[in-house]
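Remarks on the structure that follows.
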Amino acid sequence: MSDEANGTTEVPGGAGERRVRVVLVDDHRMFRTGVQAEIGQTEQTGVEVVGEAADVDQAVSVITATRPEVVLLDVHLPGGGGVEVLRRCAPLMADAEQPVRFLALSVSDAAEDVIGVIRGGARGYVTKTITGTDLVASVFRVQEGDAVFSPRLAGFVLDAFASTDAPPVDEDLDRLTQREREVLRLIARGYAYKEIAKQLFISVKTVESHVSAVLRKLQLSNRHELTRWATARRLV
């Protein structure tokens, strides 16, 4: 996320009476700390950060306990990713009295990531290049029920939902579990098995098992073919 020149984000015209309670979900503590410093000065921004989480289980627990109005959700998380958080928080999103709304905030701008979380129920998707001021504005828009997207990403969603003739999902990709998709994406980005294991908090043997399962399900022979397959689908 881009830094503001003075180190403090202020809503144009002041926060006034506007307030929004937010939970930050990201597996990088330094990033959470940066977002908190950038947007969490409640008197200036109107944003009150009421909780943080670094993985799926923590996220579901914190969101259930605090019932924020908006959750800033990373897509790639240990324990199943942002889509799993959305699945497990579906009853909170559907609450007519006090709905919890989700805004994806991720470094990834892959079409599959964007479409996946939107199908899961997120109200929008912005990348971590967003400025603090724009992020605050996006949070308030989501609180009000609007949909918010970084400019380039809106096209992915429009394309995905524009035609009723288009298949709702990629049938090949749909054969893979969420964890297998995470491993596939990292393999395609050139990560070694040890690096993937560290990133996803699993063993190298488990990574090998996931890679074998992906190769079998997609009827591919090696990681080079996996990389080409993933690149063709803009998963990298």
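Nothing in this text is a laboratory measurement; each read-out follows from the coordinates by a stated rule. These figures come from a predicted structure and were not determined experimentally. Virtual Cβ from ideal backbone geometry, glycine too; neighbours counted across all protein chains shown.
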Cα long-axis angle, helix 132-143 against the chain (0 to 90 degrees, to the nearest 10): 90 degrees
Under 23 Å, Cα to Cα: Lys pairs in the chain, sequence gap 8 or more or different chains: 4
0 to 90° range, to nearest 10: angle between helix 151-162 axis and the chain longest Cα axis: 60 degrees
Within the range 194-236, trypsin sites (Lys or Arg not before Pro) in DSSP loop having at most 16 other beta-carbon neighbours inside 10 Å: 233, 234
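When N is the residue count of the chain, what does its C-alpha Rg come to as a fraction of 2.2 N^0.38 Å? Let's see the in-between values first.
Working: Rg = 18.3 Å, N = 236, 2.2 N^0.38 = 17.5 Å.
In units of the globular-protein estimate, the chain measures up at 1.04.
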Rounded to 10°, Cα long-axis angle of helix 111-120 versus longest principal axis of the chain: 60 degrees
About the Cα centre, charge dipole magnitude for the chain (Lys/Arg +1, Asp/Glu -1 at Cβ), debye: 820 debye
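How much net charge surrounds residue 144 when only the other residues with a Cβ under 11 Å from the Cβ of residue 144 are counted, with Lys and Arg +1 and Asp and Glu -1? Don't jump to the answer; show the numbers that get you there.
Values: positive: 18, 101, 123, 141; negative: 69, 146.
Surrounding charge for residue 144 is +2.
At 222 nm, what helix-only mean residue ellipticity would the chain give, in deg cm²/dmol to the nearest 500, using -39500 (n - 2.57) for each DSSP H run of four or more? Write down the numbers at each step before the final one.
Numbers: 13 runs with 120 residues, N = 236.
Calculated from helices alone, the mean residue ellipticity at 222 nm is -14500 deg cm²/dmol.
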For the range 196-204, 3J(HN,Hα) per residue [Karplus equation, 6.51 cos²θ - 1.76 cosθ + 1.60, θ = phi - 60°, Hz, x = Gly/Pro]: 5, 4, 5, 5, 9, 6, 10, 7, 4
